[in-house]
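> Quick one: the structure is below, and I'll ask about it shortly.
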Amino acid sequence: MPRALITGITGQDGLYLAELLLSKGYDVFGMVRGQNNPKIELVERTVPGVHIVAGDLTDLSSLMRALNTSRPDEVYNLGAISFVAYSWEQAALTSDVTAKGVLNILEAVRLYCGDDLSKVKFYQASSSEMFGKVQQVPQSEETLLWPRSPYGVAKVYGHYMTINYRESYGMHASSGLLFNHESPRRGPEFVTRKVSLAVAGIKLGLQGKIVMGNLDARRDWGFAGDYVDAMWRMLQQPEGGDYVVATGETHSIRDLLDHAFRAAEIEDWEPYVDQDPKFFRPAEVDLLIGDASRARDVLGWTPTVTFSELVAMMVESDLKALSDRIA
């Protein structure tokens, strides 16, 4: 039975990845920070087959203990402070966790492997936010990185550190340059879930408005369940590598609102949407669209859920949850 350790197990990607690996017969270990972490119950309820281990990406010794406990064949580093807007408020903390945390887990894996660096395959969750002020459309693995947030800068550090460990030590280390991926498990602070929750609330008469920032920013949105499959496929390759994971389609926030309100059978969303400058980023990323040719050709990966299906899935999930709550 193969064994896997997932950092960031409590996030949407961690939960979907754990489900996928369990379905493939893996023994799955999920690392959480702090024994009293309130999200442990979420993991135990959603993926009851996962073993919980304690660990902190800022603490190398705790990572060594987590590796010695889980004895993994594969390590998926999904842990990060991942809310982009928050990274301006907590730039140092974002750097400690999202950047230096990658160095810590890479070094822990290297030390754990000893002389046999083929013992563990490593996955790093890189991000389309690294492209920032995009220098090429669409963005591929060769596109110059120009991050526009402390989060994006931290991800660039982790991305290049993963490449460096692969080239310096011969580690099987891969990075997934994942474009925006969403699901009903997405946190409510992210714009897609903010919209789906608000639309459900408006439909049910629980709120009257949603306040948004930039409606013209464009993103390449896919389904998180599809994207974790790409992560797994990377670690099944004979060598590590870097792969863009994306749909190849771009949609604006206005498109997101169109599809979300339509899923709730509301045709005109403008009366329900206000804008507030406080929700604008200090440095905006205007256009993200990925070229996933390498993932398609090498990994055999393609997305299965369309943008409209994804948005409808999220709105319907939030409608059901809110309806059950008020019933």
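The values are calculated or read from the model by the stated rules, or taken from the named source; none is laboratory data. Remember, it's a predicted structure, so these values are computed and weren't measured experimentally. Surface accessibility is based on the protein's heavy atoms, side chains included, excluding ligands, DNA and RNA. Shrake-Rupley method; radii C 1.70, N 1.55, O 1.52, S 1.80 Å.
> What whole number of Å gives the distance from the Cα centroid of region 95-112 to the Cα centroid of region 201-221?
Their Cα centres are 37 Å away from one another.
> So, one more: Run down the lysines and flag those whose C-alpha is under 27 Å from the C-alpha of K194, throwing out any fewer than 8 positions away in its chain.
K39, K133, K155, K203, K209, K278, K320
> Further, regarding this structure: Among DSSP beta bridges whose residues both lie in the chain, state the antiparallel percentage, nearest 5.
Within the chain, antiparallel bridges account for around 5 percent of the total.
> If you build the Cα gyration tensor of region 50-123 and take the root of 5 times each eigenvalue, what three semi-axes come out, in whole angstrom, biggest first?
In descending order the semi-axes read 25, 12, 11 Å.
> Springs between alpha-carbon atoms under 10 Å, Gaussian network over the chain: tell me which of L206, L145, L177 tops the mean-square fluctuations.
L206
> Could you tell me what fraction of 2.2 N^0.38 Å the Cα radius of gyration of the chain comes to, as a two-decimal ratio?
0.98
> Test of understanding: in a Gaussian network model of the chain with alpha carbons linked when under 10 Å, which of Q236, Q12, Q124 would top the mean-square fluctuation ranking?
Per the Cα network of the chain with a 10 Å cutoff, Q236 tops the list.
> In terms of the ratio Rg/(2.2 N^0.38 Å) built on C-alpha atoms, what value belongs to region 22-179?
Output field value: 1.07.
> Counting only C-alpha contacts under 8 Å and six or more residues apart, can you give the relative contact order of the chain as a whole percent?
Relative CO of the chain lands at 17 percent.
> I'd like the distance separating the alpha-carbon centroids of region 1-66 and region 267-318, in whole Å.
Comparing the Cα centres of region 1-66 and region 267-318, I get a distance of 27 Å.
> Accessible area of region 70-229 with a 1.4 Å probe: how many percent of it is carbon plus sulfur?
51 percent
> Between P271, P282, P188, where does the largest GNM mean-square fluctuation fall for the chain, given springs only between Cα atoms within less than 10 Å?
Its mean-square fluctuation being the largest, the pick is P271.
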